[in-house]
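Asker: This structure is in structure tokens; I'll ask about it shortly.
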Amino acid sequence: MHTEAIVAGPIRTERLDLLPLRVAHAEEMAAVLSDPALHTFIGGTPDTAEALRSRYERMTAGSPDPAVTWLNWVIRLRDEGRSTGSVQATIGPAGHDVVAEIAWVVGTPWQGRRIATESARGLVAWLGRQGVTSVIAHVHPEHHASAAVAAACGLTPSAVWQDGEVRWVRTPGPRTGGARANSGSRSWS
């Protein structure tokens with residue numbers, strides 16, 4: 001399977017609509033992601049709407065590596081009609097497998113409502129339907145909420161560490177999935 005054949009489409013879960021990322025989402029998402037506490041485990045500071053717009057332009061343009069596909073969605077809480085966060089998958093080949101590295105972030109006001117879990121599970125199920133065979137996420141060892149999201153998606157922690165985070169994996173078998181986060185992104189919840 002060629003990863004460029006995988007294109008982000010809308011994903012619907014019980015309470016959420018995952019909408020393919022557009023540059024026009026930048027202003028609303030800058031407000032959603034404005035809490036500095038979201039950067040506790042990954043460092044940095046919240047982006048301004050202008051900086052987020054520039055990042056979204058790069059992300060929606062796609063990966064410069066033709067073997068890698070970047071897919072990004074905004075998480076919309078249907079009954080509130082508002083964005084609450086985002087999920088992403090970077091898909092690429094790994095031998096005969098198609099692997100996706102996933103990441104998620106939910107704005108502080110919506111945390112604790114299982115939005116990260118529901119959106120990440122919806123993403124992993126969608127990826128499986130696209131032929132993705134393995135899913136990866138990187139989670140800071142002290143970020144228990146993100147570890148719970150990864151576990152709910154059927155991922156298990158491995159002995160592999162990257163940039164101070166544990167690699168969680170879901171490989172072919174009774175469950176399928178896959179992941180690699182877009183340039184510098186990490187799993188938040």
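The values are calculated or read from the model by the stated rules, or taken from the named source; none is laboratory data. Values in this document were obtained by computation on a predicted structure and should not be read as measured data. When we count neighbours, we look across all protein chains shown, and the Cβ atoms used for this are built from the backbone with ideal geometry, even at glycine. Keep in mind that these areas ignore ligands, DNA and RNA; they rest on the heavy atoms of the full protein, side chains included. Shrake-Rupley method; radii C 1.70, N 1.55, O 1.52, S 1.80 Å.
Asker: Pull up the stretch 109-136, narrow it to residues that are at pLDDT below 95 and among the β-branched types (Val, Ile, Thr), then point me to the one that is nearest to residue 70 (Cα to Cα).
Answerer: Per the stated criteria, the residue is 132.
Asker: Only residues in the stretch 100-113 that are under 19 Å from residue 154 (Cβ atoms) count as the first member; pair them with residues that are modelled with pLDDT under 95 and basic (Lys, Arg), Cβ under 7 angstrom, at least 6 apart or cross-chain, and list the lot.
Answerer: From the stretch 100-113, the pairs are 100/180; 101/180; 103/186.
Asker: Mind checking which pairs have a first residue in the stretch 4-29 that is in contact (Cβ under 8 Å) with a residue 24 or more places away in the chain and a second that is open to solvent by less than 20 Å² (accessible area, probe 1.4 Å) and part of a loop (DSSP other than H, G, I, E, B), Cβ under 7 Å, 6 or more apart or different chains?
Answerer: From the stretch 4-29, the pairs are 20/9.
Asker: Checking residue 42 against (1) surrounded by fewer than 18 Cβ atoms within 10 Å (Cβ to Cβ); (2) part of a loop (DSSP other than H, G, I, E, B); (3) within 17 Å of the chain's Cα centre (by Cα); (4) not basic (Lys, Arg), which test does it fail?
Answerer: Unmet condition: (1).
Asker: Looking at (1) in contact (Cβ under 8 Å) with a residue 12 or more places away in the chain; (2) out of contact with any Phe, Trp or Tyr (no Cβ under 7 Å at 6 or more places or on another chain); (3) not in a loop (DSSP other than H, G, I, E, B), find the lone condition where residue 54 falls short.
Answerer: Residue 54 satisfies all of (1) in contact (Cβ under 8 Å) with a residue 12 or more places away in the chain; (2) out of contact with any Phe, Trp or Tyr (no Cβ under 7 Å at 6 or more places or on another chain); (3) not in a loop (DSSP other than H, G, I, E, B) except (1).
Asker: Right, another one. I'd like the residue in the stretch 66-79 that is open to solvent by 30 Å² or more (accessible area, probe 1.4 Å) and at pLDDT 95 or above and, out of all such residues, is farthest from residue 136 (Cα to Cα).
Answerer: Among them, the one singled out is 79.
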